[in-house]
Amino acid sequence: MSTNKKSSKTVTVEQIYSPVRRPAEQRATLIGLGLNKLHRTSTLEDTPSVRGMIAKVQHLVRVVDEA
């Protein structure tokens, strides 16, 4: 069994709120998602870890596209 499968599924997220006055952990999660300014988008591989990160900052981002 190979664990190096190519996943063609992606998810695009956009930052819609500022992380000001939020815990440092949430700021770090946004940076991990490739977001650090308002209205910036990032297209990421749709994995459980990425979904968990999105769930952690769901009040600061919105999912634009799931392909």
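Here are some notes:
- Computed over protein heavy atoms with a 1.4 Å probe, the accessible surface of the stretch 16-67 works out to 69 Å² per residue.
- Positive minus negative residues near VAL50 (Lys, Arg vs Asp, Glu; Cβ under 14 Å): -1
- A Förster distance of 22 Å, applied to the separation of the beta-carbon atoms of GLN58 and ALA24, puts the FRET efficiency at 0.80.
- Sequence-separation-based contact order of the chain, relative, with Cα cut under 8 Å and 6+ spacing, percent: 50 percent
- Cβ-derived FRET efficiency at R0 30 Å, ILE31 paired with SER8, nearest 0.05: 0.70
- With at most 16 other Cβ atoms within 10 Å, longest stretch of the chain clear of loop trypsin sites (Lys or Arg not before Pro) (DSSP): 41-67
- Across all directions, the shadow cast by the convex hull of the stretch 23-67 built on its C-alpha atoms averages 3.0 square nanometres.
- Ranking GLY32, SER49, SER8 by Cα position along the charge dipole of the chain, where only Lys, Arg, Asp and Glu carry charges on their C-beta atoms, puts GLY32 farthest toward the positive end.
- For the chain, carbon and sulfur atoms together expose 51% of the accessible surface, with a 1.4 angstrom probe and every protein chain in place.
The values are calculated or read from the model by the stated rules, or taken from the named source; none is laboratory data. Owing to the predicted nature of the structure, the values given are computational and were not obtained by experimental measurement. Neighbour counts are summed over all protein chains in view; Cβ atoms, including those assigned to glycine, are modelled from backbone coordinates with ideal geometry. The accessibility values were calculated without ligands, DNA or RNA, using every heavy atom of the protein model including side chains. Shrake-Rupley method; radii C 1.70, N 1.55, O 1.52, S 1.80 Å.
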